[in-house]
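J.: I'd like to ask some things about the structure below.
What follows draws every value from the coordinates through simple rules; no lab data is involved. In this text the structure is predicted, and so the values were computed from the model without any measurement. All Cβ positions, even for glycine, are placed from backbone atoms using ideal geometry, and neighbour counts span all protein chains on display.
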Amino acid sequence: MSDGAITVEEVVAWLRDFAAVMAQEKDALTALDAAIGDGDHGINMDRGMRAVMERVDAATPADVPALMKTVGMALISKVGGAAGPLYGTLFLQFGSAAGPDGLTPDGWAACLAAGVAGVRARGKAELEDKTMVDALQPAADAVGAALGEGASFADALARGADAAEEGARATIPLVARKGRASYLGERSAGHQDPGATSSAHLVRCAARTWAA
Amino acid sequence: MKKLINDPADVVAESLRGFAAAHADLVRVNADPAYVVRADAPVSGKVGILSGGGSGHEPMHGGFVGRGMLDVACPGEVFTSPTPDQMLEATKAVDGGAGVLHIVKNYTGDILNFEMAADLAREEGIEVEAVITNDDVAVQDSLYTAGRRGVGVTVLAEKIVGAAAEEGKDLAAVAELCRRVNAEGRTMGMALTSCTVPAAGKPTFELGESEMEIGIGIHGEPGRERVPLASAKEIVERLAGPVIDDLPFASGDRVLAFVNGMGGTPQIELYLVYNELKQLLDGRGITIERNLVGSYITSLEMAGCSITLLRLDDELIRLWDAPVLTAGLRWGA
């Protein structure tokens, strides 16, 4: 409870930053996906986040649960592939965990943890399967641990973003066990997972949004 | 990239509009969310048959909508699964009160989206069963992958199951039949060239002039190995051998032999492949009772082929022969 309440406007700013990064990183993510998947992750995430911002800007929901439901449903309906249901579930579960009362930093960390748990359940993925989970789980753990040690929200998110990026980089030597990349077997090693990469961007955007 | 397109972002929508205009007697096309549905849907009292997947595999699945096959198909973006909201609307459009069967190819994205769609449909009180096809023997290590992919058998299952639904079989029986077709069929494919997703603008993978990829999936995902180009006879041995050994098919078996083009291979080569396959199966004492030769489950403009064998019995033969009236397959109707 170190910092004050988190506003809907701040969460929207986080989403807007993520949408901008997805537009900017579209080709880079697609190139990563072409190496070990089917080469559309950046295209799909960019399309999905554009749809999210269109819906949010048309009518911004009043609280975080409603906002995240809008985000999750937009991603589910516009991204397609595996990333649509997985990112959709991440935001839907984040929103369900938020509850109607205001969100605190500890609450935000609990929401992220709930979202990551949802992604793991939907995708049946474990750590080191070379998926989004490899970035998201370390991030959720790091944010929770930092807040527990009394770190500020900004510092906790910065540590979460570092952990997510480290987790994404650590997917490089892994052999994929889930998703389309798994068909490459050993040939999937040596490439960074595109889903883990976009997830690391999401956490970095949060750190930027709530930087001290 | 050289393609007959306008804007890469509009490829699926514009192609669907053309499909709707060309086949207005058979289907109507809903634009948003996108689905291709039988003109006379929902058929009261009949199990609805829904399939779907990424676009770029035409004629699958939209080309198989019509009497005796699919009731509705959900096209996604190119090589990208359709979405749960889309599948839900499509499910509702064909629910004639007897429930809806979802035929799902085993790809992670398809599975996740179809699972969410089935949850949503059941919440709305529609009975839904899902059957997953996973006939691709190229994937050897199912334990550490997302499992065998759903490929050629999907086309055969849609035809056979569609005929059974037309006869009035109930949802449980139709789903069981679909599982049986999947269990009795095996496929393996190969590529001579890559393909280019319009939105990506460049080939999905690189394949040298004198190389081929054995065990390819239908999105250019690699399979077993990349090897030097060989004769059609040798390629057929490399595809049919693992297919036969996997089920296994044995001397005395009656089969449907399906030689499928990947999109960029001409019919002249597919029949040449069929000739090799016929000789190989004759040599093993396996009888081809029915066949299908042509490009039915494709990977955009990829050159190459896949070989599917389906073990037949009298019931499957009868259902295969039953009338079908779709853009992609039609006989007896």
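J.: When you take every Cα atom in segment B:87-235, what is the radius of gyration, and what is Dmax, the widest Cα pair distance, in Å?
T.: That works out to 18.1, 55 Å for Rg and Dmax.
J.: Further question: Per residue of A:160-171, how many C-beta atoms from partner chains lie within 10 Å of its own C-beta, taken as a mean?
T.: Averaged over the peptide's residues, the number is 0.
J.: If you don't mind, there's one more thing I want to ask. DSSP beta bridges in chain B, what fraction antiparallel, as a percent rounded to 5?
T.: Counting only bridges with both partners in chain B, antiparallel ones make up about 55 percent.
J.: Once you sort the root eigenvalues of the Cα gyration tensor of segment A:79-193 as a ≥ b ≥ c, which label holds: rounded (a/c under 1.5), prolate (a/b larger than b/c) or oblate (the other case)?
T.: oblate
J.: In whole Å, largest first, what are the principal axis extents of the Cα atoms in segment B:12-184?
T.: Principal axes ranked by extent give 44, 35, 29 Å for the Cα atoms.
J.: Also: In whole angstrom, note down how far apart the Cα centers of segment B:267-294 and segment B:101-159 are.
T.: Here the two parts' Cα centres lie 28 Å apart.
J.: What fraction of the DSSP beta bridges in the protein assembly as shown is antiparallel, stated in percent and rounded to the nearest 5?
T.: In the protein assembly as shown, approximately 55 percent of DSSP beta bridges are antiparallel ones.
J.: Rg and Dmax of segment A:84-135 over Cα atoms: what are they, in angstrom?
T.: Final numbers for Rg and Dmax: 11.4, 36 Å.
J.: Let me ask another. How big is D, in µm² s⁻¹, for the protein assembly as shown by Stokes-Einstein at 4 °C and 1.567 mPa s if Rh is the Kirkwood radius over C-alpha pairs?
T.: 54
J.: Take the eigenvalues of the Cα gyration tensor for segment B:185-320, scale each by 5, and report the square roots as semi-axes in whole Å, largest first.
T.: The answer is 27, 16, 12 Å, longest axis first.
J.: Excluding residues fewer than 8 places away in the same chain, name every one of the lysines whose C-alpha is closer than 25 Å to that of residue B:233.
T.: Straight-distance partners of residue B:233: B:278.
J.: Sort chain B into rounded, prolate or oblate with this rule: let a ≥ b ≥ c be the square roots of the eigenvalues of the Cα gyration tensor; rounded if a/c is under 1.5, and if a/c is not under 1.5, prolate when a/b is larger than b/c, oblate otherwise.
T.: In terms of gyration-tensor shape, oblate.
J.: If you count, for every residue in B:192-203, the Cβ atoms of partner chains within 10 Å of its Cβ, what is the mean?
T.: 3
J.: Among residues other than residue B:11 whose Cβ falls under 10 Å from its Cβ, what is the net charge (Lys/Arg +1, Asp/Glu -1)?
T.: With Lys, Arg at +1 and Asp, Glu at -1, the net is -3.
J.: Can you tell me the order of B:49-55, B:295-301, A:107-113, B:165-171 when each peptide is scored by its average per-residue count of other Cβ atoms within 10 angstrom, highest first?
T.: Ranked from most to least packed, the peptides come out as B:49-55, B:295-301, A:107-113, B:165-171.
J.: Tell me, what ³J(HN,Hα) does each residue in segment B:195-200 have, in order and in whole Hz, if you take phi through Karplus 6.51 cos²θ - 1.76 cosθ + 1.60 with θ = phi - 60° and put x for Gly and Pro?
T.: Values, residue by residue: 9, 10, 6, x, 5, 8 Hz.
J.: Can you compute the FRET efficiency between residue B:173 and residue A:13 using 1/(1 + (r/R0)^6), with r the Cβ-Cβ distance and R0 = 45 Å? Round to the nearest 0.05.
T.: 0.25
J.: Can I ask one more? Taking segment B:272-312, which trypsin sites (Lys or Arg not before Pro) meet the DSSP loop condition and have no more than 16 other C-beta atoms within 10 Å?
T.: Passing sites in segment B:272-312 are B:284.
J.: Relative to a virtual label point 7 Å from the Cα of residue A:62 in the Cα→beta-carbon direction, which members of segment A:74-107 show backbone nitrogen distances below 20 Å?
T.: Flagged as within label range: A:95-104.
J.: While we're here: Please tell me which of these pairs span more than 30 angstrom C-alpha to C-alpha: A:69/A:178; B:92/B:169; A:124/B:3; A:124/B:202; A:178/B:46?
T.: A:124/B:3; A:124/B:202; A:178/B:46
J.: Using θ = phi - 60° and the Karplus relation 6.51 cos²θ - 1.76 cosθ + 1.60, list the HN-Hα couplings for segment B:15-32 in order, rounded to whole Hz, with x at every Gly or Pro.
T.: With coefficients 6.51, -1.76 and 1.60, one gets 5, 5, 5, x, 4, 4, 5, 6, 10, 4, 6, 9, 9, 10, 10, 8, 7, 9 Hz.
J.: When the Cα centres of segment A:79-139 and segment B:205-247 are compared, how far apart do they sit, in Å?
T.: With segment A:79-139 and segment B:205-247 each reduced to a Cα centre, they are spaced 39 Å.
J.: Write down the Å³ per residue value for the convex hull defined by the alpha carbon atoms of segment A:8-209.
T.: Cα-based convex hull of segment A:8-209, divided per residue, equals 92 Å³.
J.: Next question, about the same structure. What does the extension gain come out to for residue A:186 and residue A:126, with contour length at 0.36 nm per residue minus their alpha carbon separation?
T.: 19.8 nm
J.: So how far apart, in nm, are the two label points at residue B:24 and residue B:237 if each is 7 Å from Cα heading toward Cβ?
T.: 5.4
J.: A further question on this structure: Where does each of B:281, B:272 land when they are ranked from fewest to most other beta-carbon atoms within 10 angstrom?
T.: Ranked by crowding around the Cβ, least crowded first: B:272, B:281.
J.: Sticking with this structure for a sec: For each of B:105, A:124, count neighbouring Cβ atoms within 10 Å of the residue's Cβ, then give the residues from fewest to most.
T.: Ranking B:105, A:124 by Cβ neighbours within 10 Å, fewest first, gives A:124, B:105.
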